[in-house]
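The values are calculated or read from the model by the stated rules, or taken from the named source; none is laboratory data. Nothing here was measured: the structure is a model prediction, and the numbers come from that model. When we count neighbours, we look across all protein chains shown, and the Cβ atoms used for this are built from the backbone with ideal geometry, even at glycine. Ligands, DNA and RNA are stripped out before the accessible areas are found, and what is left, the full protein with its side chains, is counted by its heavy atoms. Shrake-Rupley method; radii C 1.70, N 1.55, O 1.52, S 1.80 Å.
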Amino acid sequence: QVQLAESGGGLVQSGGSLRLSCVASGSIFSIYGMYWYRQAPGKQREWVAGIISTGSTNYADSVKGRFTITRDNAKNTVFLQMNSLKPEDTAVYYCKADVKVSTTMTRSNYWGQGTQVTVSS
């Protein structure tokens, strides 16, 4: 099995910064992509940013220029540096990893439990 654990959430004032981390552990052969999603109260979960094994990144328009996703492949860890935070960034942030658990298995997606980010105005 594969487990993902997010950390780094909290309460911050508008304009502030937070850095989220997500560590993948368990039976991992390789990780192709690692992604951040978020879900605000009463809204659907939305994709925020992604990074694949080559280091190529992509961002939702709403966070482009403010958030930066990076990863440490040796530690199966992905980070989300969030700057210039706005109240509308308030949400539970989830990590997702696209994992291959063995050479014979196809890739599967695994999710973390989420970490709360609250931005006060």
Subset of region 3-49 [open to solvent by 30 Å² or more (accessible area, probe 1.4 Å), out of contact with any Leu (no Cβ under 6 Å at 6 or more places or on another chain) and part of a loop (DSSP other than H, G, I, E, B)]
9, 14, 15, 17, 27, 28, 29, 41, 42, 43, 44, 45
Positions within region 90-107 being in contact (Cβ under 8 Å) with a residue 40 or more places away in the chain and over 12 Å from residue 23 (Cα atoms), in sequence order
90, 91, 92, 93, 98, 99, 100, 101, 102, 103, 105, 107
Region 86-108: number of residues that are touching a strand residue (DSSP E or B) at 6+ places or on another chain (Cβ under 7 Å) and closer than 22 Å to residue 11 by Cα
9
Among the residues of region 48-68, is there at least one that is touching a Gly at 6+ places or on another chain (Cβ under 9 Å) and within 16 Å of residue 3 (Cα to Cα)?
no
